[in-house]
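Following: one structure in structure tokens, then a few remarks.
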Amino acid sequence: MTWMRRNKLAVAGLLIFAAILLMGAIAPYAISAAVVRNVQFANKLTAPDGAHWFGTDDYGRDLFSMVLLAANLDLRAALSVVAAAAAIGIVMGALAGFIDRLDEPLMRVTDIFLSIPSLVLAMAIASVLGRSIQNLSIALVIVSWPIYCRLMRGQVLTEKRKPYVRALTTLGVGHMRMIFRHIIPNTLAPVVARAPADVGLILITMAALSYIGFGPGPYVPEWGSLVAAGQAYIFQAPWLVIFPGAAIFLTSLSLNLVGDWARDAFDPRLRT
Amino acid sequence: MGFLAYVIKRLLLLGLVLLGVSIVVFFLLRGMPGVDPLAAYITPGLPISHDALNSLRKELHLEQPLPVQYYFYMAGLLHGDWGYSRTATQNVLPALLERLPATIELAVAAVLLSVLLGVPAGVIAALRKDRAADLAVRVVSITGISFPVFWLGIILQLVFFYYLGQLGLPHLPARGRVDELVALEYPLQPITGFYLIDGLVEGNMPFFLSALAHLVLPAFALSLISMASVVRIMRASMLEVLRQDYILLARSKGLPARVVVIRHALRNAITPVLTTAGTTLGILLGGAVVVETVFSWPGVGQLAAQGILNDDSVLVVGFTLFVAAMMVIVNLAVDVLYAIVDPRVRY
């Protein structure tokens with residue numbers, strides 16, 4: 001209870017995110033997929049009212065349903081991108097930190113990746129692979145793992161000098177067992193603490209790239225593309241832009257509130 | 001090691017980074033599994049003869065092994081031949097350079113805004129650590145990084161262009177770099193390509209004012225991307241400096257708090273903000289793709305976004321190399337300036 005009182009912002013963030021996650025998870029079961037294909041031009045661009053809480057879009061579809069269905073896609077994509085990037089980065093970073101031979105080459109590779117802004121590199125990779133949400137996710141994983149790799153390597157470099165590691169080496173514990181059973185579990189916390197804020201960042205980046213043209217088209221609800229589609233009617237029907245954008249904002253805000261707390265709590269270097 | 005040796009060492013190191021980037025970029029264009037490198041050069045839907053395909057393949061050295069292809073690609077890059085962009089209907093490099101002044105003008109305005117607002121906010125947060133003002137700055141900066149910048153841009157257009165206009169109040173323009181009618185009536189001879197500078201130099205005030213008004217909304221939207229990091233770095237760095245002995249000495253000499261903070265603490269605390277300029281610029285150039293699209297700002301980012309819609313990967317990949325090169329140059333400049341200005345930096 002004291003913890004909750006002292007970290008009101010983080011608790012608020014956690015509650016909001018849990019609520020959005022829950023809504024996103026049940027959306028495909030609660031809302032019929034037919035809504036997306038239920039094009040009725042006679043009903044297009046009606047203002048929010050009791051029947052359509054967020055109004056209707058340029059295809060005459062219920063915007064509230066579209067935003068909820070999009071939550072499912074966006075959250076699933078952002079969570080899996082961060083999970084994959086963190087997993088790859090953690091393993092690579094542990095290898096780089098523990099096995100001297102791998103350190104130089106892996107660090108130079110991360111240098112190259114980190115010397116290009118991630119949004120720009122992701123854009124290039126996704127453009128070469130072909131425009132789709134799937135390729136966009138792959139591109140975001142490719143640009144996101146190096147930072148986890150660097151963090152993990154730093155952790156492992158200090159961890160491997162600890163007596164218990166030497167003791168286990170003397171006992172004949174092999175490299176792989178040492179890395180996966182002992183080193184990674186002991187050094188994981190500060191690295192994983194980055195993840196919540198990162199999910200927020202990936203969510204925004206993905207929506208932004210989807211907005212500029214990587215989006216899945218009008219029949220797959222996705223937040224960034226909903227905003228892009230609504231922009232044409234901004235002065236006529238501003239709710240088309242306001243609601244999906246607010247969903248992105250609220251989700252990333254909740255994740256950043258949690259992330260801000262997690263970083264302070266788990267990153268000893270930032271303690272002031 | 002002398003200063004010159006330091007500069008040469010930095011140059012070599014950054015050259016290596018660029019070499020690495022060029023390999024990544026080359027791999028994207030030519031070595032991606034399951035992607036035919038020719039596809040990037042062909043307009044989808046347009047018929048093309050076998051002979052034309054073959055001569056294109058020969059011209060791009062696509063029958064050669066990858067290392068040989070890389071040699072020709074690199075030679076092209078160094079000679080300014082970055083490949084033909086279908087979107088710009090010209091070579092990638094001149095197309096980007098032509099639009100660069102618009103983007104630099106926007107990015108510089110965004111940096112100025114984020115420093116002017118971010119530095120004082122960070123200082124106040126540090127001075128009032130763990131008090132209400134610190135919390136307020138923290139909440140505002142977290143809110144700032146949570147905004148999807150394209151959404152914020154559209155909302156800004158809605159409020160400051162449309163709603164203010166509807167109310168008959170003075171409102172800000174929402175699209176482009178300058179009012180078309182103003183540009184027709186008061187034409188500008190391009191000198192530098194920066195409208196604000198050219199307008200001032202030529203004494204063309206109507207043009208200058210129109211360009212300035214057009215800059216406000218996109219610059220503010222873009223500044224939000226870098227503002228939160230400026231605040232955060234400034235706060236941490238200020239806290240660090242305030243703990244130093246010389247600050248204690250300055251205080252114990254009885255100097256007024258304002259002098260201690262501004263003359264003694266701030267001057268030392270602000271350097272981390274400056275040294276991250278290269279990274280910040282890179283983030284802003286990424287953000288520019290989005291912001292320029294929202295505000296129809298005719299810069300490099302908008303061109304890259306058009307390239308995406310056209311599946312013009314020669315252009316999009318070229319843009320990536322361009323951004324990386326700009327970051328490297330700015331980083332080098334910052335490092336060298338820093339070594340000149342700050343005697344504590346050992347090289």
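Would you mention how many residues in the stretch B:92-104 are more than 14 Å from B:V289 (Cα to Cα) and buried (at least 18 other Cβ atoms within 10 Å of the Cβ)? Please lay out each step first, then the result.
Applying the first criterion (more than 14 Å from B:V289 (Cα to Cα)) to the stretch B:92-104 yields B:92-95, B:97-98, B:101.
When the remaining residues are screened for being buried (at least 18 other Cβ atoms within 10 Å of the Cβ), the result is B:92-93, B:95, B:101.
Of the residues in the stretch B:92-104, 4 are more than 14 Å from B:V289 (Cα to Cα) and buried (at least 18 other Cβ atoms within 10 Å of the Cβ).
Scan the stretch A:142-190 residue by residue and report those that are β-branched (V, I, T), buried (at least 18 other Cβ atoms within 10 Å of the Cβ) and out of contact with any Phe, Trp or Tyr (no Cβ under 6 Å at 6 or more places or on another chain).
Across the stretch A:142-190, the qualifying residues are A:I142, A:V143, A:I147, A:V165, A:I183, A:I184, A:T187.
Of all helices (runs of 4 or more DSSP H) completely enclosed by the stretch B:169-266, which ones contain at least 1 residues that are under 26 Å from B:L135 (Cβ atoms) and more than 14 Å from chain A (Cβ to nearest Cβ)? Before the answer, list the steps.
On the way: elements: B:180-185, B:195-201, B:205-242, B:245-252.
By residue number, B:205-242, B:245-252.
Give the residues of the stretch B:267-280 that are within 18 Å of B:A236 (Cβ to Cβ), in a helix (DSSP H, G or I) and in contact (Cβ under 8 Å) with a residue 24 or more places away in the chain, sorted by residue number.
Filtering the stretch B:267-280 for residues within 18 Å of B:A236 (Cβ to Cβ) gives B:267-277, B:279-280.
Within this subset, residues satisfying the condition of being in a helix (DSSP H, G or I) are B:267-269, B:271-275, B:277, B:279-280.
Across the stretch B:267-280, the qualifying residues are B:N268, B:A269, B:T271, B:P272, B:V273, B:L274, B:T275, B:A277, B:T279, B:T280.
Name the pairs whose Cβ atoms lie under 8 Å apart, with the first residue in the stretch A:146-170 and under 23 Å from A:L119 (Cβ atoms), the second outside any helix (DSSP H, G or I), and 6 or more positions between them or separate chains?
A:I147/A:R194; A:Y148/A:R194; A:L151/A:R194
Modelled with pLDDT of 90 or more, under 19 Å from B:V149 (Cα atoms) and surrounded by fewer than 17 Cβ atoms within 10 Å (Cβ to Cβ): which single residue out of B:V291, B:V231, B:V300, B:V216 fits that description?
Values: B:V291 fails: surrounded by fewer than 17 Cβ atoms within 10 Å (Cβ to Cβ); B:V231 fails: surrounded by fewer than 17 Cβ atoms within 10 Å (Cβ to Cβ); B:V300 fails: surrounded by fewer than 17 Cβ atoms within 10 Å (Cβ to Cβ).
The match here is B:V216.
Are there helices (runs of 4 or more DSSP H) fully within the stretch A:11-119 with at least 1 residues that are within 24 Å of A:W239 (Cβ to Cβ), among the aromatic types (F, W, Y) and touching a Gly at 6+ places or on another chain (Cβ under 9 Å)? List them. Give the derivation first.
On the way: elements: A:34-37, A:63-98, A:100-114.
Here the list reads A:63-98.
Applying the selection to the stretch B:14-37, what residues are of a type outside the set (V, I, T) and at pLDDT below 80? Show your work before the answer.
Going through the stretch B:14-37, the residues of a type outside the set (V, I, T) turn out to be B:14-16, B:18-20, B:22, B:26-34, B:36-37.
Scanning the stretch B:14-37 gives B:G31, B:M32, B:P33, B:G34, B:D36, B:P37.
Tally time: how many residues in the stretch A:213-247 are farther than 20 Å from A:H52 by Cα and at the interface with chain B (Cβ under 10 Å from one of its Cβ atoms)?
Matching residues across the stretch A:213-247 total 4.
Is it the case that the stretch A:54-67 has a residue that's at pLDDT 80 or above and within 30 Å of A:S144 (Cα to Cα)?
Within the stretch A:54-67, one or more residues are at pLDDT 80 or above and within 30 Å of A:S144 (Cα to Cα).
The values are calculated or read from the model by the stated rules, or taken from the named source; none is laboratory data. On a predicted model such as this, the values are computed, not experimentally measured, just so you know. Virtual Cβ from ideal backbone geometry, glycine too; neighbours counted across all protein chains shown.
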